[in-house]
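In what follows, a single structure is set out as structure tokens and then discussed.
The values are calculated or read from the model by the stated rules, or taken from the named source; none is laboratory data. Predicted, not measured: the structure shown is a model, and the values here were computed from it. For neighbour counting, all protein chains shown are included, and Cβ atoms are generated from backbone atoms with ideal geometry for every residue, glycine included. SASA here: full protein model, heavy atoms, side chains in, ligands and nucleic acids out. Shrake-Rupley method; radii C 1.70, N 1.55, O 1.52, S 1.80 Å.
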Amino acid sequence: MSEHMIRVLVAKPGLDGHDRGAKVVARALRDAGMEVIYTGLRQTPEMIAEAALQEDVDVVGLSILSGAHMALAPRIMELLKANGQDQVKVFIGGIIPDEDMPRLKAMGITGIYGPGASTEEIVKEIREAMKS
Amino acid sequence: MSLTQQVLKGNRLALSRLLTLVENNSPEGRAALAELFSHTGKAHLIGVTGSPGTGKSSLVNQLVLQYRKMDQKKVAVIAVDPSSPFTGGAVLGDRVRMRDLSGDDGVFIRSMASRGSVGGIAQTTAALAQVFDAAGYEIVIIETVGAGQSEVEIARLAHTTLVVEAPGLGDDIQAIKAGILEIADVLVINKADRPGVEHTERALRSSLELARPVSRVYHHGQAMTVKAHKPPPNTWIPPINKTIATDGSGIAKVIESIAKHMQYLRTSGEWNARERARLRSETEALVRDTLMTQFLEGLPEGAFESALERVFSHSLSPIEAAQFLAQTERPQTPRATKEQP
Ligand code: B12
Ligand SMILES: Nc1nc2c(ncn2[C@@H]2O[C@H](COP(=O)(O)OP(=O)(O)OP(=O)(O)O)[C@@H](O)[C@H]2O)c(=O)[nH]1
Ligand SMILES: [Mg+2]
């Protein structure tokens with residue numbers, strides 16, 4: 001089997017304990033045939049970057065419902081780059097106010113999703129991002 | 001610098017990328033494995049298996065912490081979880097229990113999906129272990145899929161196999177099957193803080209005794225049980241260790257058991273015997289694959305399929321089909337050498 005499996009790290013940075021969304025998304029990606037590495041709650045940006053490196057993932061998915069995304073996301077982007085993983089696509093879901101989206105996009109984040117986001121849409125957009 | 005050279009120099013990103021190439025069984029991965037082979041053979045491969053939820057990942061977390069405290073040996077973890085048979089996807093969750101290991105450059109954790117293979121590990125788990133071995137990881141811990149059945153594959157791969165049990169879960173004696181005892185080099189009863197530990201321990205001990213009955217001597221034609229039974233030298237009796245993986249209790253004893261087992265392997269010659277058996281079966285499998293490919297390539301177009309069709313319609317048995325194909329005129333033999341008269 002030489003077809004490349006899409007490997008996704010699903011992580012919850014920061015201190016909030018809302019893990020339903022992360023689990024729903026992890027399961028949806030598995031059902032779409034991807035390999036999902038789930039790291040669990042309360043991950044520091046350093047832990048997430050380290051896991052992304054060791055797992056050689058194609059995608060890092062962050063679930064943040066605490067409101068701390070503007071502090072956490074840039075740090076994670078910075079660490080991924082420092083580790084030589086600039087090609088990794090980053091997706092974010094959770095409670096993200098509209099006004100923060102342009103800045104997150106400018107940081108190089110590929111997709112942003114809020115409450116009620118369709119998992120089919122998420123799967124489709126991850127697949128799309130793998131093509132480029 | 002080539003990827004393998006970077007791996008040998010200790011580049012972690014290169015290592016991670018190589019692990020992917022090897023896991024996907026890509027041509028680059030296979031070439032790298034061949035290149036790295038001369039650097040392998042130093043690592044102690046430790047398998048951790050047992051029923052789902054017995055605490056394998058938590059135990060691995062503690063074992064690695066302890067190894068890193070004891071000396072500067074680099075430790076790798078390969079954690080295998082099942083792939084969905086329907087979609088091929090997987091959620092690999094063993095890392096959740098290994099968060100204490102983050103931030104240590106001497107530790108490398110890699111999650112792996114079983115990708116359709118049964119027996120607790122994936123097709124390329126052994127190859128991943130080889131890459132870690134070559135990269136200087138002296139201890140490689142492999143956590144299998146939690147199935148609790150006869151995970152013989154792990155016993156074949158690992159030098160030392162830990163079987164993890166827990167009270168309450170597989171508590172019935174029937175759950176402690178002979179199969180799992182046969183592969184155990186060290187038995188661990190985890191969750192020793194839970195009620196029923198004594199029961200599990202008793203069940204394990206009696207199964208162990210059944211698996212290895214006391215030796216008997218014949219005296220004047222009558223069988224007599226030797227009372228002060230001493231196993232013959234060079235037999236290994238799996239020790240039973242109790243642990244609480246959530247707080248680290250009992251871990252030092254497990255480490256001690258693993259070290260003793262290692263010593264036994266070395267002094268009894270078992271280490272060499274296992275290595276040779278493993279390398280022999282690996283080589284044989286590769287020879288089989290190569291010959292099969294060569295053979296199929298050398299057959300006339302469609303010969304294999306038409307023989308198969310006849311097998312499907314039961315007009316030819318598989319044995320006859322194989323014999324027929326082996327005798328089929330080969331238009332372009334792979335080797336150019338002419339047959340001697
Ligand atoms: C359920 C819930 C809880 C549960 C959580 C249970 C659990 N284990 O998850 C409980 C009751 C514990 C809880 C507690 C709290 N909560 Co609450 N909670 C919610 C609630 C009602 C729903 C969240 C949820 O589970 N949704 C269902 C999932 C499936 O949706 P989702 O997470 O949004 O995920 C979707 C998308 O966002 C996206 N997505 C999510 N993650 C990812 C990841 C990737 C990679 C991708 C691609 C997509 C993606 O896809 C998902 C599918 O559509 C929300 C309100 C809301 N409408 O969102 C508040 C909410 C998140 N909670 C909130 C608060 C304030 C709290 C508390 C602090 C309350 C308190 N004062 O005690 C505590 C904090 C607890 C803690 N330790 O962190 C606020 C957060 C405010 C903010 N960020 O500005 C919210 C928004 C409510 C509000 N309007 O004020 N909460
Ligand atoms: N009480 C108690 N709970 C434990 C102990 N060790 C692990 N656990 C808990 O048992 C649950 C399963 O632990 P894991 O380490 O994930 O078990 P596992 O065998 O790796 O599980 P799978 O990989 O899913 O088969 C977790 O909730 C742990 O916190 C222990 O010694 N005592
Ligand atoms: Mg586990």
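Miscellaneous remarks
- Percent carbon-and-sulfur accessible area, the range B:119-164, ignoring ligands, DNA and RNA, probe 1.4 Å: 45
- Interface B:A - total buried accessible surface [probe 1.4 Å, Å², rounded to 100]: 2400
- Adding -39500 (n - 2.57) for every DSSP H run of four residues or longer, then dividing by how many residues chain B holds, sets the calculated 222 nm ellipticity at -13500 deg cm²/dmol.
- At full extension, B:Ala277 and B:Arg194 could sit 25.9 nm farther apart than now, given 0.36 nm per residue minus the alpha carbon distance.
- At least 40 Å² accessible surface lost relative to isolated chain, residues of the range B:11-32 (1.4 Å probe): B:Arg12, B:Leu13, B:Arg17, B:Thr20, B:Asn24
- Taking every protein chain into account, the accessible area of chain B amounts to 54 square angstrom per residue (probe 1.4 Å).
- Chain A: relative contact order as a whole-number percent, Cα under 8 Å and 6+ apart: 26
- For the protein assembly as shown: rounded, prolate or oblate by the Cα gyration tensor [a/c cutoff 1.5]: oblate
- Going from the isolated chain to the complete set of protein chains, the range A:1-44 loses at least 50 Å² of heavy-atom accessible area (1.4 Å probe) at A:Met1, A:Arg7, A:Arg30, A:Glu35, A:Tyr38.
- Too-long pairs where the Cα-Cα distance tops 19 Å, listed order kept, from A:Lys12/B:Lys69; A:Lys23/A:Lys131; A:Lys12/A:Lys89; A:Lys81/A:Lys105; B:Lys56/B:Lys253; B:Lys9/B:Lys74: A:Lys12/B:Lys69; A:Lys23/A:Lys131
- Note on B:Asp289 and B:Thr267: their simple-model spin labels are 3.9 nm apart, each label 7 Å out from Cα toward Cβ.
- Within the accessible area of chain A (1.4 Å probe), percent carbon and sulfur: 55
- Chain A shape via C-alpha gyration tensor axes, a/c threshold 1.5: rounded
- For the range B:62-140, Kirkwood radius (reciprocal of mean inverse C-alpha pair distance, Å): 13.5
- The aspartates and glutamates within cross-link reach of B:Lys42, meaning a Cα-to-Cα straight distance under 15 Å and a gap of 8 or more places when in the same chain, are B:Asp133, B:Glu138, B:Glu275.
- Simple Cβ-charge dipole of the range B:234-313, Lys/Arg +1 and Asp/Glu -1, about Cα centre, in debye nearest 20: 700
- Occluded residues from the range B:91-140, i.e. those whose accessible area drops by 30 Å² or more once the chain is not alone (1.4 Å probe): B:Val91, B:Leu92, B:Arg95, B:Val96, B:Arg99, B:Ser102, B:Arg110, B:Arg115
- Percent breakdown of C-alpha pair distances by 20 Å bin, ordered from the shortest bin, for chain B: 26, 48, 23, 3
- Note on chain B: GNM, Cα springs under 10 Å; of B:Gln130, B:Gln294, B:Gln323, the largest mean-square fluctuation is that of B:Gln323.
- In chain B, Cα pairs under 8 Å separated by at least six residues give a relative contact order of 16 percent.
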